[in-house]
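Working notes, structure below.
The values are calculated or read from the model by the stated rules, or taken from the named source; none is laboratory data. Because the structure is a prediction, the values reported are computed rather than measured. So basically every Cβ, Gly included, is an ideal-geometry build from the backbone, and we count neighbours across all protein chains shown.
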Amino acid sequence: MFRTVTVEDIVRIPPQSFGHPIDKAAKEQIKLKYENVVDEELGYVILVVDVDVDPVGKILPGDGSTYHKVNFKLLSFYPEMHEVVEGEVVEVTDFGAFVRIGPEDALLHVSQIMDDYISFDEKHGVLVGKESQRKLGKGDRVRGRIIAVSFPRGGTGGKIGVTMRQPFLGKLDWIETDIKKTKAVHEEKAA
């Protein structure tokens, strides 16, 4: 889920940025520190917005830079356990598929795709259900539920795992087909 987070920090303005508007200089330094970072509290930081810097700063002995209090907002993607997400399959392998959700690719393990024996058709780059003959390939739109999230120490990367083995999850075409079948069964019983 995407969210905005308000952060308060101290920004270091180096001497080479003196003479530039302080808001722009502060925003550049904050972008260098926060953008494209993965953090357990913030999630996947995408963008720094709304920077409000205190024009009065401090100078520390031995450092020609100035230090200013700053408040700003971050746009971030924070995947939450059990959240239902939609994405596009960007890669298919013999052990599963990778689904692009937000700024990150989630692993959809072969065991989490469907209740069917699945084989990998390497020639066509698709995963195929033995009995259902349902195929999952690159470019397919899917709906899944997040079942695993790990944030790394060090600020980059991270892992997300998803499942499609629950009702109303899967390739969007499969979901539509299943809904139509269910409606037909209910209409048949009502008649």
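Filter region 97-139 down to the residues that are assigned to a strand (DSSP E or B) and either in contact with a helix residue (DSSP H, G or I) (Cβ under 6 Å, 6 or more places away or on another chain) or under 20 Å from Thr177 (Cβ atoms) (or both) and list them by number. Within region 97-139, Ala97, Val99, Leu108, Ile118, Val126, Leu127, Val128, Gly129, Lys135, Leu136, Gly137 qualify. Comparison of Ile59, Ile101, Ile22, Ile46 shows that the only residue that is in contact (Cβ under 8 Å) with a residue 40 or more places away in the chain and over 30 Å from Lys171 (Cβ atoms) is Ile22. Summed over region 105-137, residues that are touching a Phe, Trp or Tyr at 6+ places or on another chain (Cβ under 8 Å) and acidic (Asp, Glu) total 2. Is it the case that Val56 is modelled with pLDDT under 95, hydrophobic (A, V, I, L, M, F, W, C) and either within 28 Å of Gly157 (Cβ to Cβ) or in contact with a His (Cβ under 7 Å, 6 or more places away or on another chain) (or both)? Here the answer is no, as Val56 does not meet what is asked.
Taken over region 52-96, the criterion of being part of a loop (DSSP other than H, G, I, E, B) and aromatic (Phe, Trp, Tyr) is satisfied by Tyr78, Phe95.
Just one residue in the set Asp140, Asp116 is among the charged types (D, E, K, R), modelled with pLDDT of 95 or more and not assigned by TED's automatic domain parsing to the domain that holds Ile46; that residue is Asp140. Taking region 1-22 as the range and being in contact with a Pro (Cβ under 9 Å, 6 or more places away or on another chain) and over 14 Å from Ser65 (Cβ atoms) as the test, only Met1 passes.
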